Every structure is written in structure tokens, then in C-alpha cells.
Amino acid sequence: MVLGQGGYKFQNWAQTYGSTPELYFQPSSTEEVKEILDLARQRSKRVKVVGAGHSPSDIACTDDFMIRMDKMNRVLKIDKDKKQVTVEAGILLTQVNEVLHGSGMALSNIGAVSEVAAGGVIGTGTHNTGITHGIMSTQVVALTLMTSSGEIFECSNSMNADLFQAARLHLGSLGIVLTVTLQCKAAFNLQEVQQSSTLQEVLDNLDKHLNSSEYFRFLWFPHTEHVSVVYQDPTDKPPSSKASWFWDSFVVYYLLEFLLWISTFVPRLLPGINRFYFWLLFMGRSERVDISYKMFNFDCLFKQYVQDWAIPIEKTKEAILQLKSWLERNPQVVAHFPVEVRFAKGDDILLSPCYQRDSCYMNIIIYRPYGKDVPHQDYWSEYEKIMKRVGGRPHWAKAHTCTRKDFEKMYPAFGKFKNIREKLDPTGMFLNTYLEKVFY
Ligand SMILES: Cc1cc2nc3c(=O)[nH]c(=O)nc-3n(C[C@H](O)[C@H](O)[C@H](O)COP(=O)(O)OP(=O)(O)OC[C@H]3O[C@@H](n4cnc5c(N)ncnc54)[C@H](O)[C@@H]3O)c2cc1C
């Protein structure tokens, strides 16, 4: 019998959201997960699974039962012929990357961090960049899901196909994902070429950049014209030493945090700080080679507030120029570097922000130096207005102010997902405050 712990305090990675679940469970088997759901049904409790708690919103919070899946973290099967791996949903990508590498395989694309769970990344539609690559959920070829009744569904394109297209980006709202099978490829190294440019140049030549590199993204330094263009492409070259030793330097790290903290009192220093760090770290051209997953991951520096909407790719220029022009008219608003601009291929996953369209993700951040609460509401609300004007859809993991009425307009298949959800979870066992705003 699995025992729940009282008094556990949950906090997300950025320490921007938290909750105190009545009982906290760490099951180590499917039977134990089922026992928890039986107990929840008896006591009319809601249940929330947490992966690695990295979502910068309240999507993983609950006051009722919380289940952390970190003891269900085994690699169940590696199929070298099909290049597929089946894992328990609580496994972290750090472990998946290493196990795959040992078998000569790799995930074709992952986000900035690997300390996230397989069930969690497909819960919110985690993405990286590359216009020929979909969000991470598109790498899922099968999964198993335990619903509120304790029934287990196997889902893939050939079994429970409709449920599969919903569960590949599930929001934690359909049930408990027990296992995930991911399509992989042969292990590969990536060569990164980073070069400085201007916002105008990149926006004027966007198609050329998109076609020049498999994993193209760019970083804009707000309050300036500066851009760092980042190309990453598979290579046969062996890993090299890091070109940019500055990133590892304590001086840069501590100095930056200190300067960001100072700028919270004197916001007019911010353009100078953004320019200084561009000059220090991104000016000119650099090259390096590393194993794919080490290259995809990067240091996100400090705790932060973050928003990241997916917009139709053809709206990229319009949206960025609108944000730039608004920041120029409002110099009192602090916008930290970088605004990270990434791209993803359209798909047919019901709640994917890239549903039926190639998309540009525009990620804005406000750091929280020394954990300080930094005002960001003006920036956030203008950014959201622009994103809505150009037909954007918010990243599900990241804080946004959208509600059901917005999602009904944004997602052609929203009604279909909602019907599937209500059939599987008629009593709302898997809802929380975040999901109530989404569905009711
Ligand atoms: C430093 C940092 C960098 C990031 N970089 C990127 C990036 O490059 N690209 C990007 O798109 N996002 C990025 N994110 C966001 C991150 O990828 C997502 O928040 C992701 O969902 C985190 O995974 P997790 O395991 O922490 O999920 P959690 O935050 O724990 O949970 C997310 C959702 O999944 C549900 N869930 C988790 N496991 C299960 C399960 N087994 N069954 C049912 N439901 C489950 C939870 O209930 C919740 O609804 C970043 C976040 C941080 C903090």
C-alpha cells in the first residue's frame, strides 16, 4: 500500500508558483498509481501529477493529491531496428539522453533543459527550434494512459487514434501517462555557428536563414538592434572545446546578476547592460561542436518570468517589430535579453500550438536576480496583446491570461479535445485551477 505524505510544499523551478497538497505520493508501480486513484475516488479528491516541476505557471499545482512520478523512471525497451525507446513517464530526459547515447541513438530535438520528465514535456508541448522539426510531442509514437476509473489505454496511430492525438499533448488533464515511446534517430553531433547580425537583416532574410540550417534560431537583445544568429547542424566532426568560455565564468555570471539587480532600481541602465553583454558574449562569430543533446541544452542563467507564444510563421516580422516599437515608446519598461526566437513545423496534435501551421515561438523573459520579484506586468500584457493580434497561441507551460473563450477561437480542435477529456474524466479528477480556466 503506497502511503501519502502530508505537509509537502511544492514549488516550481522558477519559484513563481507553488502549492501545499493534502497528500503527496511517490508511487513505484502501476498498481500503486491505481491505488492512489481508488483512494482519490473514495474521498472525492482531485489528483495532479507533477513531472520535474519546471513549468513556469501553476499548471502542476494542487491542494489535493499530488503524485510525483520520479520512482517510475525505467527504460523499458530499446528497439534498435525502429530506433524507438519506451520509457516510464517519470524518467528525466537527462537519463534518456545518456541511455540512448550508449545505444548509438538520440532524440532528434529537445528543449533548453533535460532535467524534465518524459510525461511532463509532452504535457505542455515543449519545443526547440528547426522548421523541419515539430514540437517534442511529435516524437511520441505510442503511450499508455491510466484514466480516472483506473482503466489503462494503449494509444498510437493504430490504437485509440483519436485519444492518441489528444494525449500527445495532454496538459495532465486526461489521466496519468504511464509510459511513452519516442521515435529517435542515430546518435549525432551538432556543429554550432553563432554570428552577430541586426534585427532588420534577420527579419528581411528570414527565409534564407530558415533554409540555411536545420536548427536555426536567433536571439534579439531588446532596446538594441543587436541579434545573435545561431545555426546548429549535424556534423561528423568530434566535439570541440567550448569557444565561449565566458559562459562558464563566475565573473560574468555574478556580474550579470548584480547588474540586473541594480537595473531593477535604475531601469534606464538596461539598454546599456543588454549592449554590454552582446558585445562581451555574442559579437563576431564563433563555432563549436558537441554531442546533440549537450548542444541543444543551454544555461538559462537565473530564475525568471517567461512567456512564449507560437504565432503563424509569416507573422514573425510584424510581431517583433510591433514589440520593438512599443518598447521604444515606453523606455521605462525593462526587457531583458535575450528574446529568443525559434521555429517549429506544423502538426495535427489537437492542442499543439503548432496545430496545422508552421510556427514561430517568441520567448520573452524577465530575470529575477537574487529571487527578487521584478515588475513585468506592463511588458507581459503588451506582449500578449501583440501575440493575440497576430493569431498567436500561448505555450501551455508558461503563465498566460487566456481562458476557455480564447482557446475556443485559437484551436479548431478544442471542442474535440474537451469532449474526449469529459468522457475520460467525468468528475473532473484531473482538474486544477489552471485547467479550470482552460476548460470552463
Ligand atoms: C530552465 C527552463 C528551461 C525551459 N526550456 C524550455 C524550452 O526550451 N522549450 C520549451 O518548450 N519549454 C521549456 N521549458 C518549459 C518546460 O519544458 C515545460 O514546463 C515542461 O512541461 C517541463 O516538464 P516537467 O517534467 O517539469 O513538467 P511539469 O511542470 O512537472 O508538469 C507539466 C504538466 O504535465 C503534467 N504531467 C507531468 N507528468 C505527467 C504524467 N506522467 N502524467 C500526466 N500528467 C503529467 C503535469 O500535471 C502538468 O500539467 C523550460 C523550463 C525551464 C524552467
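The values are calculated or read from the model by the stated rules, or taken from the named source; none is laboratory data. Just so we're clear, the structure is a prediction, and the values are computed from it rather than from any experiment. Cβ sites come from the backbone with ideal geometry, for glycine too, and all protein chains shown count toward neighbours.
Per-structure values
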{"quantity": "Criterion: part of a loop (DSSP other than H, G, I, E, B), within 14 Å of the ligand (Cβ to nearest atom), over 27 Å from residue 427 (Cα atoms) and over 18 Å from the mean Cα position of the chain (by Cα) - qualifying residue of 71, 82", "calculated": "71"}
{"quantity": "Residue 33 vs. criteria modelled with pLDDT under 95, farther than 29 Å from residue 372 by Cβ and within 16 Å of the ligand (Cβ to nearest atom)", "calculated": "no"}
{"quantity": "Answer from 209, 133, 226 - the residue that is at pLDDT 95 or above and within 15 Å of the ligand (Cβ to nearest atom)", "calculated": "133"}
{"quantity": "From the options 163, 100, 169, residue that is near the ligand (Cβ under 10 Å from one of its atoms) and either of a type in the set (Gly, Ala, Ser) or not assigned by TED's automatic domain parsing to the domain that holds residue 359 (or both)", "calculated": "169"}
{"quantity": "The stretch 280-327, residues that are free of Cβ contacts under 8 Å to residues at least 60 places away in the same chain and part of a helix (DSSP H, G or I)", "calculated": "280, 281, 294, 314, 325"}
{"quantity": "Some residue of the stretch 2-14 being among the small types (Gly, Ala, Ser), away from the ligand (no atom under 13 Å from the Cβ) and free of Cβ contacts under 8 Å to residues at least 24 places away in the same chain", "calculated": "yes"}
{"quantity": "Scan of the stretch 1-54 for residues that are hydrophobic (A, V, I, L, M, F, W, C) and closer than 30 Å to residue 305 by Cα, ordered by number", "calculated": "10, 13, 14, 23, 25, 47, 49, 50, 52"}
{"quantity": "Single condition residue 275 does not satisfy, out of (1) in contact with a strand residue (DSSP E or B) (Cβ under 9 Å, 6 or more places away or on another chain); (2) exposed (fewer than 15 other Cβ atoms within 10 Å of the Cβ); (3) without any contact (Cβ under 8 Å) to a residue 60 or more places away in the chain", "calculated": "(2)"}
{"quantity": "Residue count for the stretch 367-395, restricted to those that are closer than 28 Å to residue 343 by Cβ and buried (at least 20 other Cβ atoms within 10 Å of the Cβ)", "calculated": "11"}
{"quantity": "Out of 89, 52, 112, sole residue that is within 9 Å of the ligand (Cβ to nearest atom) and either closer than 19 Å to residue 148 by Cα or out of contact with any helix residue (DSSP H, G or I) (no Cβ under 8 Å at 6 or more places or on another chain) (or both)", "calculated": "89"}
{"quantity": "Some residue of the stretch 138-146 being under 14 Å from the mean Cα position of the chain (by Cα), part of a helix (DSSP H, G or I), at pLDDT 95 or above and within 16 Å of the ligand (Cβ to nearest atom)", "calculated": "yes"}
{"quantity": "Matching entry among 201, 154, 192 (being surrounded by fewer than 23 Cβ atoms within 10 Å (Cβ to Cβ) and more than 29 Å from residue 103 (Cα to Cα))", "calculated": "201"}
{"quantity": "Inter-residue pairs, beta-carbon under 9 Å, first of a type in the set (Asp, Glu) and in the stretch 65-80, second modelled with pLDDT of 95 or more and part of a loop (DSSP other than H, G, I, E, B), 6+ apart", "calculated": "70/26; 70/51; 70/52; 70/90; 70/91"}
{"quantity": "Scope the stretch 17-34; condition of a type in the set (Ser, Thr, Tyr) and surrounded by fewer than 19 Cβ atoms within 10 Å (Cβ to Cβ); matching residues", "calculated": "20, 28, 29, 30"}
{"quantity": "Residue list for the stretch 396-412, restricted to those being crowded, with 18+ Cβ neighbours inside 10 Å and part of a loop (DSSP other than H, G, I, E, B)", "calculated": "396, 397, 398, 399, 400, 402, 411"}
{"quantity": "Residue in the stretch 265-272 that is in a helix (DSSP H, G or I) and within 16 Å of the ligand (Cβ to nearest atom) present", "calculated": "no"}
{"quantity": "Residue 233 being modelled with pLDDT under 90 and not aliphatic (A, V, I, L, M)", "calculated": "no"}
{"quantity": "Residue tally, condition within 16 Å of the ligand (Cβ to nearest atom), among the aliphatic types (A, V, I, L, M) and either more than 19 Å from the chain's Cα centre (by Cα) or farther than 21 Å from residue 207 by Cβ (or both), over the stretch 302-345", "calculated": "1"}
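Per-residue answers, yes or no, for (1) polar (S, T, N, Q); (2) under 22 Å from residue 126 (Cβ atoms):
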residue: 11; (1), (2): yes, yes
residue: 24; (1), (2): no, no
residue: 44; (1), (2): yes, no
residue: 50; (1), (2): no, yes
residue: 57; (1), (2): yes, yes
residue: 61; (1), (2): no, yes
residue: 69; (1), (2): no, yes
residue: 73; (1), (2): yes, yes
